[in-house]
1. Could you list, in sequence order, all residues of the range 25-75 that are surrounded by 10 or more Cβ atoms within 10 Å (Cβ to Cβ) and among the hydroxyl-bearing types (Ser, Thr, Tyr)?
2. Which residues, taken from the range 76-104, are β-branched (Val, Ile, Thr) and either surrounded by fewer than 10 Cβ atoms within 10 Å (Cβ to Cβ) or modelled with pLDDT of 95 or more (or both)?
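The values are calculated or read from the model by the stated rules, or taken from the named source; none is laboratory data. Being a predicted model, the structure only gives us computed values, none of them experimental. Quick reminder, even Gly has a Cβ in these numbers, built from the backbone with ideal geometry, and neighbours come from all protein chains shown.
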Amino acid sequence: MAFVEHLDAILGALGGGLVTQLANWGINRKKGKQEVNAMEIDNIKEIVDSVYQPLIDQQNKRIKELELEVRELREERVRLRDEHQKEIAKLQKQIIEITKALGMSATEHIRNSKGQFTKKDD
């Protein structure tokens, strides 16, 4: 019986060791996968920082430059439109003064097909 007890103890120790080894193996395998995933994430971050971040910074700088240029062009467009409106008003005033000086009434004259002023037919 002593042999059976010793055999039982040996098998128990082997079985317990086997179960422990299998549990450790499973835990280590999961831990290894997590470490690999963490390393992949670090590698991706390093690539983004070294390659893409300078491109992103360059594009952001270019966007700011273009926004400034658009703002300046819009301000210039408004200024030019105001100047043109003033010039148009000035020219219209000169046209009225010229027609008055010539003694012509703008309502009594029309343009023909050649663009020349002619008397209106009643």
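1. Residue satisfying the conditions is Tyr52 alone.
2. The answer is Val78, and nothing else.
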